[in-house]
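Engineer: Sharing a structure with you now.
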Amino acid sequence: MSSVITRFAPSPSGFLHIGSVRTALINYLFVKKSKKEFKDSKFLLRIEDTDKERSENKYFESIINGLKWLNINWEEEIYIQSKNINLHKNIAEDLLNNKKAFKCICTKEQLDKKREKYVKERKNIKRLCTTCENNIDIQSLKKDYCVRMSIPNNGSIVIDDLVQGKVEVLNSEIDNFIILRRDSTPTYMLSVVVDDNKMGITHIIRGDDHLNNAFKQFHIYNSLNWKIPKFVHIPLMHGNDGSKLSKRHGSMDIIEFKNNGYLANSIVNYLLTLGIYSSKNEIFSIDSIIKDFELSKINKSPSKFDYEKLNFINLNYIKNLNNNDIINLFKNDYNFDATNFDTNLITKALDILKNRSNTLLNLKDNILPFLIAKNLKRNKNDVSEESIILLKKYKDIIDKENEWEKEKIERITKEFTNNENIKFNEIGEPIRLILTGKSKGIPISDILIILGKKETLERINNFFI
RNA sequence: GACCCCUUCGUCUAUCGGUUAGGACACCAGGUUUUCAUCCUGGAAAGACGGGUUCGAUUCCCGUAGGGGUCGCCA
């Protein structure tokens with residue numbers, strides 16, 4: 001082995017979604033592992049923006065922001081593919097001069113018609129332009145042509161993919177695809193090869209929707225006598241119903257996960273459990289698995305996106321966050337400055353509530369009732385006459401209590417239920433409702449401790465007003 | 001339709017031909033002498049199907065079925 005260079009090469013024609021993040025992550029992880037041995041290994045980012053019609057700045061932003069959020073850090077400056085167009089054109093010119101490519105004047109309509117016909121006749125013919133290549137007049141044209149790769153009819157290409165294994169495709173199955181459009185702009189198929197070569201990419205790690213393209217690109221490399229990089233085609237993620245990722249199950253902007261209260265580390269951890277790395281303990285960081293990570297161990301079958309597992313992992317990470325981290329995340333990412341409130345109260349509340357919150361949004365919702373009393377959703381009709389009598393008695397008892405400690409509160413509450421001969425919940429539910437706006441939730445003693453004696457009594461009194 | 005890839009509990013996965021097929025999420029039951037949740041213990045749950053090779057197949061090979069990807073002057 002030697003040093004490696006990988007790249008993540010999205011086109012800015014859609015938001016960065018969780019499927020592409022997984023691809024980026026594998027590229028990043030592979031380099032990170034290689035760096036242990038070879039310091040000059042690199043993970044690069046290239047934006048494939050040659051389709052100006054579909055490229056939009058907001059998608060570019062989405063890619064950058066998403067990767068940054070997840071700490072999938074690329075090196076060097078961002079490569080903008082469109083800046084290399086002249087080089088791509090020159091390479092196409094070389095291929096033309098060396099008879100590795102040819103000029104074609106077939107119109108889109110003609111080809112569509114042929115394609116339709118072949119499908120109808122169930123013929124397995126991919127190569128639609130069959131006449132231009134050997135037509136001298138066409139080949140000496142100076143304008144109004146597109147350029148296609150010349151692909152031999154015989155033989156086959158075998159790609160030894162690091163994940164897929166050996167895959168063979170007959171040359172006759174490969175279209176003499178276009179590398180330069182009629183307007184002389186390069187297509188993806190050409191640009192990707194030229195840029196990967198220029199950037200010195202050693203391992204092309206991408207979704208297996210590109211596996212078929214690899215054979216076309218193989219011909220470009222060969223025609224140019226360029227070294228062929230290692231191909232690594234990883235399976236795509238699916239939605240939880242087995243279909244393609246849709247908005248409902250995760251094809252939205254990855255940053256939405258942040259907006260919905262997920263931690264970057266949780267997302268990364270979750271993705272790593274999806275056919276990339278497996279262990280008994282499924283909570284792990286990138287760094288902890290680097291030494292055991294192998295491209296060849298990546299599963300060949302696609303995996304489905306599952307929120308349940310993600311939630312489980314996210315809860316684990318939230319539990320282990322310290323309170324300052326949470327407060328900072330609230331402030332930076334959720335427009336919520338907890339430092340405006342009593343520090344002591346915040347600390348006590350977070351200590352208890354972070355153990356029961358799947359997402360940071362959830363945690364915020366859980367903590368808010370403790371901080372802001374006036375927004376409590378509670379209605380006098382929710383509490384029965386009997387409960388109100390009990391509440392008043394209970395209030396008088398805790399009013400006299402000066403040792404405001406969990407054990408003490410538990411004890412006096414227990415005594416109260418014994419003396420009144422009631423089940424715990426007969427006082428538990430109404431007191432929880434009055435103090436937090438919810439009839440179910442954390443233990444009464446915890447609520448009283450978080451709020452403190454003064455606030456507790458105030459809230460009870462306010463309810464009776 | 002053609003080509004390529006895939007197929008172990010509902011989901012993510014482990015298994016270097018010989019295992020009571022293991023773990024995790026979710027689910028169910030019990031416990032943690034208060035609800036919800038956490039946590040703990042236990043439970044149910046899988047080799048798509050059919051052939052071969054082999055003393056022995058989830059594992060290797062072939063076929064079938066099912067799923068996915070690709071077939072653009074998009075990337």
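The values are calculated or read from the model by the stated rules, or taken from the named source; none is laboratory data. Keep in mind it's a predicted model, so treat the numbers as computed, not measured. Note that each Cβ is placed from the backbone with ideal geometry, even for glycine, and that neighbours are counted across all protein chains shown. The area values use the complete protein model at the heavy-atom level, side chains included, leaving out ligands, DNA and RNA. Shrake-Rupley method; radii C 1.70, N 1.55, O 1.52, S 1.80 Å.
Engineer: Residue pairs, Cβ under 6 Å, 6 or more apart or interchain, first in region A:104-118 and closer than 13 Å to residue A:132 by Cα, second modelled with pLDDT of 85 or more and in a helix (DSSP H, G or I). List them.
Structural biologist: If the second residue must be modelled with pLDDT of 85 or more and in a helix (DSSP H, G or I), the pairs left are A:105/A:138.
Engineer: Here are A:313, A:327: which of them is among the aliphatic types (A, V, I, L, M), in contact with a helix residue (DSSP H, G or I) (Cβ under 6 Å, 6 or more places away or on another chain) and assigned by TED's automatic domain parsing to the domain that holds residue A:404?
Structural biologist: When all the criteria are applied, what remains is A:327.
Let's see how each residue does on (1) in contact with an Asp or Glu (Cβ under 8 Å, 6 or more places away or on another chain); (2) open to solvent by less than 60 Å² (accessible area, probe 1.4 Å); (3) over 30 Å from residue A:185 (Cα atoms); (4) touching a residue at least 12 places away in the same chain (Cβ under 8 Å):
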| residue | (1), (2), (3), (4) |
| --- | --- |
| A:14 | no, yes, no, yes |
| A:30 | no, yes, yes, yes |
| A:47 | no, yes, no, yes |
| A:56 | no, no, no, yes |
| A:62 | yes, yes, no, yes |
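Engineer: When you go through A:329, A:321, A:315 one by one, which is the residue that is under 15 Å from residue A:364 (Cα atoms), out of contact with any Ser or Thr (no Cβ under 6 Å at 6 or more places or on another chain), away from RNA strand B (no atom under 16 Å from the Cβ) and open to solvent by less than 60 Å² (accessible area, probe 1.4 Å)?
Structural biologist: Result of the check over A:329, A:321, A:315: A:329.
Engineer: Can I ask one more? Looking at A:260, A:225 in this structure, which one is in contact with a Ser or Thr (Cβ under 8 Å, 6 or more places away or on another chain), away from RNA strand B (no atom under 16 Å from the Cβ) and polar (S, T, N, Q)?
Structural biologist: So the residue among A:260, A:225 that is in contact with a Ser or Thr (Cβ under 8 Å, 6 or more places away or on another chain), away from RNA strand B (no atom under 16 Å from the Cβ) and polar (S, T, N, Q) is A:260.
Engineer: Follow-up. Got a sec? Which of A:457, A:451 is in contact (Cβ under 8 Å) with a residue 40 or more places away in the chain, closer than 22 Å to residue A:366 by Cβ, of a type in the set (A, V, I, L, M, F, W, C) and more than 13 Å from RNA strand B (Cβ to nearest atom)?
Structural biologist: None of the other options fit; the residue is A:451.
Engineer: Restricting the search to region A:329-345, which residues are more than 22 Å from residue A:449 (Cβ to Cβ) and in a helix (DSSP H, G or I)?
Structural biologist: Those that are more than 22 Å from residue A:449 (Cβ to Cβ) and in a helix (DSSP H, G or I): A:329, A:331, A:332, A:333.
Engineer: When region A:192-206 is examined, which residues are found to be open to solvent by 30 Å² or more (accessible area, probe 1.4 Å) and closer than 25 Å to residue A:150 by Cβ?
Structural biologist: Listed by number, the residues that qualify are A:197, A:198.
Engineer: Residue A:277 - would you say it is under 21 Å from residue A:298 (Cβ atoms), assigned by TED's automatic domain parsing to the domain that holds residue A:309 and without any contact (Cβ under 8 Å) to a residue 40 or more places away in the chain?
Structural biologist: yes
Engineer: Still on this structure: Within the group A:138, A:174, which residue is under 35 Å from the mean Cα position of the chain (by Cα) and of a type outside the set (Ser, Thr, Tyr)?
Structural biologist: After ruling out the rest, the residue left standing is A:174.
Engineer: On to the next question. Here are some conditions: (1) surrounded by fewer than 19 Cβ atoms within 10 Å (Cβ to Cβ); (2) in contact with a helix residue (DSSP H, G or I) (Cβ under 6 Å, 6 or more places away or on another chain). Residue A:209 meets all but one. Which one does it not meet?
Structural biologist: (2)
Engineer: Within region A:287-312, restricting attention to residues that are within 18 Å of the chain's Cα centre (by Cα) and open to solvent by 30 Å² or more (accessible area, probe 1.4 Å), which residue is farthest from RNA strand B (Cβ to nearest atom)?
Structural biologist: Once the filter is applied, the top-ranked residue is A:307.
Engineer: Continuing with the same structure: For residues that are acidic (Asp, Glu) and under 51 Å from the mean Cα position of the chain (by Cα), scanning just region A:409-430, find the one that is farthest from RNA strand B (Cβ to nearest atom).
Structural biologist: A:426
Engineer: Where in region A:235-328 are the helices (runs of 4 or more DSSP H), entirely inside, with at least 3 residues that are among the aromatic types (Phe, Trp, Tyr)?
Structural biologist: A:307-319
Engineer: Moving on. Please verify whether region A:70-91 includes one or more residues that are polar (S, T, N, Q), touching a Ser or Thr at 6+ places or on another chain (Cβ under 9 Å) and open to solvent by 80 Å² or more (accessible area, probe 1.4 Å).
Structural biologist: no
Engineer: Does residue A:52 satisfy being away from RNA strand B (no atom under 16 Å from the Cβ), open to solvent by 50 Å² or more (accessible area, probe 1.4 Å) and assigned by TED's automatic domain parsing to the domain that holds residue A:299?
Structural biologist: It is false that residue A:52 is away from RNA strand B (no atom under 16 Å from the Cβ), open to solvent by 50 Å² or more (accessible area, probe 1.4 Å) and assigned by TED's automatic domain parsing to the domain that holds residue A:299.
Engineer: Name every residue in region A:180-201 that is near RNA strand B (Cβ under 9 Å from one of its atoms) and either closer than 14 Å to residue A:216 by Cα or β-branched (Val, Ile, Thr) (or both), in order of residue number.
Structural biologist: Once the filter is applied, which keeps residues that are near RNA strand B (Cβ under 9 Å from one of its atoms) and either closer than 14 Å to residue A:216 by Cα or β-branched (Val, Ile, Thr) (or both), region A:180-201 yields A:185, A:187, A:188, A:189, A:190, A:191, A:192.
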